[in-house]
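Down below is the structure, laid out as structure tokens.
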Amino acid sequence: MGKYNFAVILLWGSLLLGCKDITTSSTMSDGPTNSTHVAVEQSVGNEISKELIDDLSTAIIQGNTKYINTFLKLNTNLNRLNSLGETPLTLAATLGELEMVKQFINSGAKVNFPNQFGRTPLHKSIIHFQNDESTEIVSFLLKNGADTEILDQNSATPVYYCLFNLSKPYFDSDVAMKSMKMLSELEVHGAKRSIGFKVPGLDKNRLVNQIKVLLQGDIHSLSSNQVELIERIVDEAGES
């Protein structure tokens, strides 16, 4: 598993106690229990309960592939929110789990189905860019029809979150490199960088200052194209 977002796991902790069919020690080592298997089977052809989506979400966090595989074999609806307002796909994107993202999309999860805050898997994978496989997830989502212009409840497109990452206090060449890769891919698929500058909450002054410091220092990890792009961002931030 990739690096987990601690806040996600902490929030989910209160639900783990109620998911007894999936959180017992035997389940974690041997896969779903019979009672859970029957419950999932009974959901086939019907609207599945939020409790089952919660159980699936717990399995995603735990990396319980046996439960996930059993769930998916039954062709149940993946386009549902759990008790924390996440879909299986947005949760997998949040945790940086590329193989799960692929598995869910191949099993019918809608690539643009949002969580309760209007954030799609593309939004989530960019927000949680620190995960090891985040850039690969962004690429996969875009190749499978992710909408680059979709707005969340903050009226922010995925491009905004690339720019926001560049303005974070712990900005460095690694952050810049991942953000530039994501931004370049978004633009290849039709994203408009100018829209990102119009979203309230982006500290453009800090973004510009941090990029200037980076450009004056160690930028060996950035390609010439990435340096050119990041210089254009500085110019556009000053004009917007």
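The figures follow:
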item	result
Count - residues of region 128-175 that are within 21 Å of M100 (Cβ to Cβ) and either assigned to a loop (DSSP other than H, G, I, E, B) or modelled with pLDDT under 95 (or both)	10
Close pairs (6 angstrom Cβ cut-off, 6 or more residues apart or separate chains): assigned by TED's automatic domain parsing to the domain that holds E97 and free of Cβ contacts under 8 Å to residues at least 60 places away in the same chain in region 141-169, assigned to a helix (DSSP H, G or I) and among the hydroxyl-bearing types (S, T, Y) anywhere	none
Count - residues of region 202-230 that are more than 16 Å from M180 (Cα to Cα), under 26 Å from the mean Cα position of the chain (by Cα) and assigned to a loop (DSSP other than H, G, I, E, B)	2
Qualifying positions in region 81-106 - part of a loop (DSSP other than H, G, I, E, B), buried (at least 17 other Cβ atoms within 10 Å of the Cβ) and not β-branched (V, I, T)	L81, N82, E86, G96, E97
Cβ pairs under 9 Å, 6+ apart, first in region 58-71 and within 14 Å of T94 (Cα to Cα) and outside the structural domain of A93 (by TED's automatic domain parsing), second modelled with pLDDT of 95 or more and among the charged types (D, E, K, R)	none
Selected residue (criterion: surrounded by the fewest Cβ atoms within 10 Å (Cβ to Cβ)) from residues of region 224-240 that are in contact (Cβ under 8 Å) with a residue 40 or more places away in the chain and farther than 16 Å from K168 by Cα	N225
Residue list for region 132-167, restricted to those being out of contact with any helix residue (DSSP H, G or I) (no Cβ under 7 Å at 6 or more places or on another chain) and either of a type in the set (D, E, K, R) or buried (at least 16 other Cβ atoms within 10 Å of the Cβ) (or both)	D132, K143, D147, E149, I150, L151, A156, F164
Checklist (1) part of a helix (DSSP H, G or I); (2) closer than 28 Å to Q153 by Cβ; (3) of a type in the set (V, I, T) applied to V199, failing item	(1)
Some residue of region 106-118 being closer than 30 Å to T76 by Cβ and either outside the structural domain of S83 (by TED's automatic domain parsing) or in contact with a Phe, Trp or Tyr (Cβ under 7 Å, 6 or more places away or on another chain) (or both)	no
Hits in region 60-80 (condition: farther than 24 Å from H123 by Cβ and crowded, with 20+ Cβ neighbours inside 10 Å)	N64, Y67, F71, T76
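The values are calculated or read from the model by the stated rules, or taken from the named source; none is laboratory data. Treat the numbers as computed from the prediction; the structure is a model and nothing was measured. Note: ideal-geometry Cβ built from the backbone for every residue, glycine included; neighbour counts use all protein chains shown.
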